[in-house]
Amino acid sequence: MAEEDLNYVTVKFKSHNRPSDEVIYEDVRGSLETWGPHLNVQDNLGKVSLHTSIKMASAGLGIICIILMSVIITLALHINDVVAERRQENANLTDENQQLFAQVSQLRGRVKELARERDSLNWTMGVILKYDSFPVKKHCSEKVLTLCEPCMQGWLWFRSKCYLFLDTPYYQGWKTWKGSVEACREMDADLVGIDSQEEQEFVTNHTKFYNDNRHGYWMGLRKDDNTDQWMWHHGGNLTVTFWRTQYYSRTNCALILPSDSLANWSKESCEMKNRYVCQTSALFKPDLE
């Protein structure tokens with residue numbers, strides 16, 4: 001051990017026999033021997049303290065991780081519950097939307113039905129107002145509108161019109177073109193006017209051969225004396241024609257000849273007596289129109 005590392009202690013003894021104190025020096029263990037163990041304890045205590053701190057920090061981190069995991073699991077479960085609730089709400093909203101769409105569709109259908117009923121009633125009122133005296137008994141046997149027939153007895157219904165074919169077998173019942181117009185007018189009707197192939201087919205199918213090949217059924221078509229143009233008596237436009245092939249004639253009135261062909265319109269003298277077809281509006285308007 002080096003000399004500078006030694007520590008000395010001064011010891012004084014008192015004695016009654018000696019006049020003065022005697023000082024005896026005695027060496028003691030050097031500083032390294034004296035303080036070495038003490039320094040090792042401190043180091044060990046530091047190491048223990050550091051190890052304990054690490055353990056406590058690790059334990060704290062573990063607790064924090066457990067808490068975080070718990071929070072994450074709780075949040076995940078909550079999110080799953082929220083998502084499930086939202087999905088259920090969306091499903092409920094989808095069902096409600098489908099129900100609303102169905103109700104809207106039903107309402108639209110009902111609106112269409114009401115519109116048709118309105119149009120039908122307006123049509124019926126228009127037909128009734130054409131009469132000076134509406135023949136209720138001929139249309140409605142019990143005077144109830146829902147039990148009324150679209151046409152009077154003896155008349156045939158085709159789409160929105162009623163037709164009466166005057167096919168008396170006796171000459172006395174036949175009339176001139178003007179006489180036919182007046183006879184129809186007495187029944188609040190007009191001589192028939194044809195504006196489509198379907199109507200031409202209907203009228204043709206209900207005409208019958210009688211007397212000879214020149215006799216037929218008067219219709220409301222006549223040549224205008226001023227313009228020399230063929231026009232319907234009721235004022236409608238001549239949109240289609242079904243003239244048969246025949247020699248040139250200066251006659252001014254048209255009739256329908258019973259035939260298997262649709263081209264059966266013939267020109268004859270207005271004074272010739274024939275059967276005739278009257279036409280009027282049906283009391284009810286069919287849905288197809």
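Please treat every number below as a calculation from the coordinates, not as lab data. Just so it is clear, the structure is predicted and the values come from calculations on it, not from any experiment. Cβ atoms come from the backbone with ideal geometry, glycine included; neighbour counts cover every protein chain shown.
Below are the figures for this structure:
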{"quantity": "Which listed pairs, of LYS137/LYS273; LYS161/LYS267; LYS178/LYS208; LYS175/LYS208; LYS138/LYS223, have C-alpha distances above 27 Å, in listed order", "calculated": "LYS137/LYS273; LYS138/LYS223"}
{"quantity": "Projected label distance in nm at ILE64 and GLN98, using a 7 Å step from Cα toward the beta-carbon", "calculated": "5.2 nm"}
{"quantity": "Full-extension gain in nm, THR227 to ARG110, via 0.36 nm per residue minus C-alpha separation", "calculated": "37.1 nm"}
{"quantity": "Qualifying GluC sites (Glu not before Pro) in segment 57-166, DSSP loop, other Cβ atoms within 10 Å at most 15", "calculated": "GLU142"}
{"quantity": "Evaluated over segment 152-281, the Cα radius of gyration and Dmax, each in Å", "calculated": "13.5, 40"}
{"quantity": "Using θ = phi - 60° and Karplus 6.51 cos²θ - 1.76 cosθ + 1.60, couplings along segment 176-183 (whole Hz; Gly, Pro as x)", "calculated": "6, 4, 5, x, 5, 4, 5, 5"}
{"quantity": "Difference of contour (0.36 nm per residue) and Cα-Cα distance, THR168 to SER269", "calculated": "34.3 nm"}
{"quantity": "Charge tally in the Cβ shell below 12 Å around ASN92, where Lys, Arg are +1 and Asp, Glu are -1, ASN92 excluded", "calculated": "-2"}
{"quantity": "Segment 102-172: chymotrypsin sites (Phe, Trp or Tyr not before Pro) falling in loop per DSSP and having at most 10 other Cβ within 10 Å", "calculated": "TYR170"}
